[in-house]
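Encoded as structure tokens, the structure appears first; notes follow it.
Laboratory data are not the source of any read-out in this text; all were calculated from the coordinates shown. No experiment lies behind these values; they were computed from the predicted model shown. A quick note on method: Cβ atoms are made from the backbone with ideal geometry, for glycine too, and the neighbour counts reach across all protein chains shown.
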Amino acid sequence: MPEFTFKPFNEMTDEDYALVGFKSGLEVHQQLFTEKKLFCRCPAGKYSTHYDAEILRHMRPTLSELGEYDGTALMEFKTKKNIIYRIHRETVCTYEMDDTPPFLINEDALDIALEIGLLYGCKTVDEIHIARKQYLDGSIPTGFQRTSIIALDGKIPYKGREIEIIQLSLEEDSCREVSDYGHERVYLTDRLGMPLIETVTGPDMLTPNEVADVGQILRKLVKSTGKVRTGIGSARQDVNVSVTGGTRIEIKGVPKIINIPLLTYNEAMRQWNLLRLREELHNRGITPDKFEARYEDITKLIKKTHYHPIKDAISRGFVVKCVLLKGFRELLNWKTQTDTYFSREIADRLRVIACLTTIPNIVHSDARGETISSSDWLKIKKSVNAADDDCLVITWGTPVDSETAAKEIIIRAREATIGVPSETRQALRDGTNGFERILPGPDRMYPDTDLPPKKIPAERIENTRLNLAEPFWEKENRYKNLNIPEDIISELSVSPFADLFDKLIQKGIAPVPAAIALIQYPKNLRRKGYDVSQLSGEVFVKIFEGLIGGEILREAVFYILKNYLETGNLELIKPACPTVINEIIKKETDEIGSTKLYNPKNRNIVLMNNVMTHLRGRAEGKIIADLIGLERN
Amino acid sequence: MESSAFKGYRGLSLDVLKTNNAEVWSDAEIYTSKGVYKGIILPRSETADPLHIVIKLRSGYNIGIAAETIERIGITGHKEANYKIPEKEFPFDPKKPNVKLLGTGGTIASRLDYRSGAVIPAFSPGELYGSVPELADICNLETEKLYGVFSENMGPAEWRGTAEAIGKEIAKGTKGIVIGHGTDTMHHTAAILSFMVQDSPIPIVMVGSQRSSDRPSSDAALNLIHSVKTAAESDIAETMVCMFGPTSDEYALLHRGTRVRKMHSSYRSTFRTIGDIPIAKASRTEITPLRQDYKRRREDRNVTVNTAFEELVSIVYYYPNMKPDIIDSLIDNGYKGIVIAGTGLGHVNKPVYPALQRAMDKNIAVYMTVQTLWGYVQMYVYDTGRDMMELGVIPTANMLPEVAYVKLGWALGQTKDLNKVKEIMLKPIAGEITEREPSNGYLIYQGGIPEVEEFISRYRK
């Protein structure tokens, strides 16, 4: 591998990423805006932490359709968790709790998924087969997610090239995790079963920033349909990253696109550094075949330690195990990510697989800082017969958990001699990531025997295609030609009012004021605290009809909207007649004449302002300015 | 049926596969007017339409491709599914009791059926050990597949065969028997086995699953553990049904075979004891009796097996405006016994009376049960009841309709003498009639009531 050390995030160049062979793809999960859930008739989008009852379940691995066990499934089974579901009657029925078979698929959700598939330029599937995708972490009470491929092989334009859309699937959303401590994991079930689409791109992004860019494009595209949910948690990204010689690693559930660059940078660094670690191990003669490790119980040996975590563990009747990693001296301090070291790869595994959720869950013989006293280390080294170039890792827990932990330490250390293990990893706040589970393979798919295949007739696709919105990037090109301001273009192109905009300009409304009214005004009003969700297309249509009919001035639009939000009445503000205007100007001129001004040069500006407070929306500013002789720049 | 090379395909889709020489399990590239698809051609469910070809994509997802769009199919390889639960020899420990698992069908152990697209049962000690290794901590398990049928296909022949198989096991000195059974008619079989097998010295435990064992959240494994534990260790020598108490993975209830009924079409905790309380609770670690009046385990190998059964018996579920022709048709077809599930305390309307009279004249045994399930038949309260008794309709106290049905078949199998039949019917053998209904024998708490809600919030459902 090329000689390269990762630089700080801000100093990395595109060439650096090219050198390490950075590649990334996205799996974007987006909730659809439907009234009900995907396979039952519970309301979608009602969230609450309140719950009326709890249900306890366990998960067991089962065979895939091709008769194989999935690696992740076996890992999750090793962890033996009690899964607790909190259920709120208003959001969950017996279907979500796996006590009732599925109802037929939500047709609204299917229509939206088909529409988005066509927007990606995909070919849609002729006959949909619902699959069960196993998730043994308990995030879905059935132990699987009902999911189906709706469309395949699309593409979206990016930087003059194309990003491949591998597939679009329609699936049910999972539970929200409340806590995961020891052998008990708790979930809220309100989100469970809501319709979700998953868009999978090819590994076509070549730098961390490109990943974020494409994430934004995908989000805008689905948003432009006006049929997806928005707000926190409604869209979540899984990001796949690999470097040359590394492995496809999935970082799960990234809620914000702006977090993606740092996360992908750290993952690329982690893989690169794990590959360098492998090189170091091989230089030391430690290959998968020559790898040596063993462990033993050292509870008695260390029972007088003052190191608090172990002292506490022993007092609770736990067992302490010491793992000897032959020739691994100093390698647990090998840097993997920003401020993160190989020891955490091990600690993470134990947290998840051995349920050792209280951190620290290991100490090792090369650790800096106060842990076990050096005299204790000496005793242990002697007892386990360690050489100077070995590394000792100590872990503790119940007899069963500490046994799982000791074995897992050896498994993870040996994997370092092979390369980057296939895993899904969780995004952490500091931009690094931690182990979540072994990467599941296609073996976790199983056909859903509860529901028959569903034919999608060609007419249904053609109808959807006829009503298909123009892709937002094409709209943006049109808007540019209409001289719409840059900041409005990007919002208008994905706005639910985009169609209305086109209709308005067809009817002769000038594009720029129309765009401002549809995008800028609601934004201003929202900032002022108004609930702009009440501004429907109908409201705008009525106002613009007034404008086209000459009943109101362009200036009136904003004030009509504002009044509407304040009073709930849609009243057109009619223009003032010249007599009224003149009267107001005369009255204000008289008043200002009797007022001493701080800066008399500004007299006309003050006058203008005063007059306009009476004539908001009822007269054009330009005309008033002319009438009072205000010079305009 | 088409050969297995094109399993499940017919019509256009079969033609397309044949033309392209593309057999199922081929790794294929399918060129269509929409584009190319790559994946493994799967068998198709026979009930699905003849217009699509199913492939498994690399991602593991399946899709159906419209056969009419297919231009050609290129074959690149072959990968056949080998759906097999890892089989390991069930360990033998001389210190552990021998338990026999008799299989009749159901989803307690199952695999996927490509022809129907549905789940079909699979079963062997090795497979069970492979998927539920905990069983080996409890007992030495032997299995015998008696039948492989869905529960609705269990009938008198299978009941007899099962009862005889139980008799043989008891004679061999087996310490407990578990019967794997589909759940839909498990309570019918539990009731008839309670009559056909009497004074068993060991537990006879019926078990099934509400979620097939091909699902990670299946109740099958835990049900098996609970039932095997009961068969191996409990001192309850009765015919019982062992299924989930709550919907949570917590404990099972052991229901008396004559008082149990499936009460929900899909819930895990579907089986309930009606008009009484269950015999015991069973968990992974212990059996906790809830009552003491059960028959105890014995060390002998004595048992009475009586598999007599008259098949010409029917249940009539009464409904308002029922016409006498329903009863007449049973009479005309030679039925020997009729169990009526009457309304309320055990009633039918007057227009049916002449038919009941004809039944009596033809020496047909007619018994009354209640469709309310809970409570006793009481035909003295209203005149209609008394009228019916004069017509020869015999009330069966608090015997459940399905239980009365199988018991009447069993009684008529033994004798044609209706007085003797009546004697057998009304003499409780296995708790099918109880002298008294305890006040906690009828508990259907109503959701929405604050105190019920509070209870639910405190205990796992």
Check: Where does each of B:20-32, B:308-320 land if you order them by average Cβ count within 10 Å, highest first?
Finding: B:20-32, B:308-320
Note to self: Between segment B:304-377 and segment A:265-336, what is the separation of their alpha carbon centroids in Å?
What the structure shows: 76 Å
Next item on the list: Order by neighbour count: B:Ile424, A:Ile302, fewest other Cβ atoms within 10 Å first, most last.
Entry: B:Ile424, A:Ile302
Margin query: Suppose a student asked you for the relative contact order of chain A, using Cα pairs under 8 Å spaced at least 6 residues apart; what percent would you report?
Written below: 14 percent
Notebook entry, point to check: What does the average come to when, for each residue of peptide A:150-161, you count the partner chain Cβ atoms lying within 10 Å of its Cβ?
Noted result: 1
Check: How many percent of Cα pairs in the protein assembly as shown exceed 57 Å?
Finding: 32 percent
Next item on the list: State the antiparallel share, in %, of DSSP beta bridges confined to segment A:9-248, rounding to the nearest 5.
Entry: 90 percent
Check: Relative to the compact globular guide of 2.2 N^0.38 Å, what is the alpha carbon radius of gyration of segment B:309-378, as a ratio?
Finding: 1.05
Next item on the list: Send over the semi-axes of segment A:427-473's equivalent ellipsoid, whole angstrom and largest first, taken as the square roots of 5 times the C-alpha gyration tensor eigenvalues.
Entry: 37, 25, 7
Checklist line | Theoretical FRET efficiency, 1/(1+(r/R0)^6), r = Cβ-Cβ of A:Asn609 and A:Lys586, R0 22 Å, to 0.05 | finding: 0.85
Check: How much FRET efficiency would the formula 1/(1 + (r/R0)^6) give for A:Arg429 and A:Thr230, where r is the Cβ-Cβ distance and R0 is 30 Å, rounded to 0.05?
Finding: 0.85
Margin query: Relative contact order of chain B, please, whole-number percent, based on alpha carbon pairs below 8 angstrom and at least 6 residues apart.
Written below: 11 percent
Item checked: Likely footprinting exposure, A:Thr299, A:Thr91, fewest C-beta neighbours within 10 Å first -> A:Thr299, A:Thr91
Check: Can you give the mean number of other chain Cβ atoms that lie within 10 Å of the Cβ atoms in peptide B:258-270?
Finding: 2
Check: Between segment A:570-622 and segment A:398-426, how many Å separate their Cα centres?
Finding: 78 Å
Margin query: Just to be sure I understand the curve: with the Debye formula and one point per C-alpha of chain B, what is log10 I(q)/I(0) at q = 0.12 Å⁻¹?
Written below: -1.03
Note to self: Suppose the chain between B:His78 and B:Lys362 were pulled fully straight at 0.36 nm per residue; how much longer would it get relative to their current alpha carbon spacing?
What the structure shows: 95.6 nm
Check: Where both partners of a DSSP beta bridge lie in the protein assembly as shown, what percent of those bridges are antiparallel, to the nearest 5?
Finding: 75 percent
Next item on the list: Kindly write out, for segment B:210-226 in residue order, the coupling ³J(HN,Hα) from the Karplus curve 6.51 cos²θ - 1.76 cosθ + 1.60 (θ = phi - 60°), rounded to whole Hz, with x marking Gly and Pro.
Entry: 8, 10, 4, 6, 8, 10, x, 9, 4, 8, 4, 4, 5, 4, 4, 4, 4
Note to self: Please compute the length gained on full extension between B:Glu454 and B:Ser4, using 0.36 nm multiplied by the number of residues separating them and subtracting their Cα-Cα distance.
What the structure shows: 156.3 nm
Next item on the list: Using DSSP, restrict attention to beta bridges with both residues in segment B:98-305 and report what percent are antiparallel, rounded to the nearest 5.
Entry: 55 percent
Next item on the list: Please give the peptides A:261-267, A:406-412 ranked by average Cβ packing (other Cβ atoms within 10 Å per residue), highest first, as a rough proxy for protection.
Entry: A:261-267, A:406-412
Note to self: Run the Debye formula on the Cα coordinates of segment A:469-567, all scatterers equal and no solvent, and tell me log10 I(q)/I(0) at q = 0.13, 0.14, 0.20, 0.23 1/Å.
What the structure shows: -0.43, -0.50, -1.01, -1.29
Item checked: Along each principal axis, Cα extent of segment B:313-426, largest first, Å -> 33, 29, 21
Next item on the list: Specify whether the C-alpha gyration tensor of segment A:283-421 places it in the rounded, prolate or oblate class, a ≥ b ≥ c being the square roots of the eigenvalues: rounded for a/c under 1.5, otherwise prolate if a/b is larger than b/c and oblate if not.
Entry: prolate
Note to self: Could you work out the relative contact order of segment B:236-366? I mean the mean sequence separation of Cα pairs under 8 Å and 6+ apart, divided by the number of residues, in percent.
What the structure shows: 17 percent
Notebook entry, point to check: Taking the Cα centre of segment B:98-305 as the origin, how large is its charge dipole in debye, to the nearest 20, when only Lys and Arg (+1) and Asp and Glu (-1) carry charge on their Cβ atoms?
Noted result: 300 debye
Margin query: What's the ranking of A:243-249, A:3-9 by average number of surrounding C-beta atoms within 10 Å, highest first?
Written below: A:243-249, A:3-9
Check: Efficiency by 1/(1 + (r/R0)^6): what FRET value for A:Ser490 and A:Lys256, r their Cβ-Cβ distance, R0 = 22 Å, to the nearest 0.05?
Finding: 0.75
Margin query: Helix A:260-283 against the longest principal axis of chain A: what's the angle in degrees, Cα atoms only, rounded to the nearest 10?
Written below: 20 degrees
Checklist line | Radius of gyration, Dmax [segment A:9-248; alpha carbons; angstrom] | finding: 19.1, 56
Margin query: Let me check I have the definition right: for segment B:98-305, take the eigenvalues of the Cα gyration tensor, multiply each by 5, take square roots. What are those semi-axes in whole Å, largest first?
Written below: 23, 19, 17
Notebook entry, point to check: If you line up the long axis of helix B:186-196 against the longest principal axis of chain B, both from Cα atoms, how many degrees apart are they, to the nearest 10?
Noted result: 50 degrees
Item checked: Per-selection metrics, segment A:578-628 (Cα): Rg and Dmax in Å -> 10.6, 31
Margin query: If amide hydrogens are placed 1.01 Å from N in the peptide plane, which non-local residues have theirs closer than 5 Å to the one on B:Ser314?
Written below: B:Gly337, B:Ile338, B:Val339
Next item on the list: Normalise the Debye intensity by I(0) for chain A, one equal point scatterer per Cα, no solvent, then take log10 at q = 0.12 Å⁻¹ and round to two decimals.
Entry: -1.26
Next item on the list: Calculate the mean, over all residues of peptide A:43-52, of how many other protein chain Cβ atoms lie within 10 angstrom of the residue's Cβ.
Entry: 1
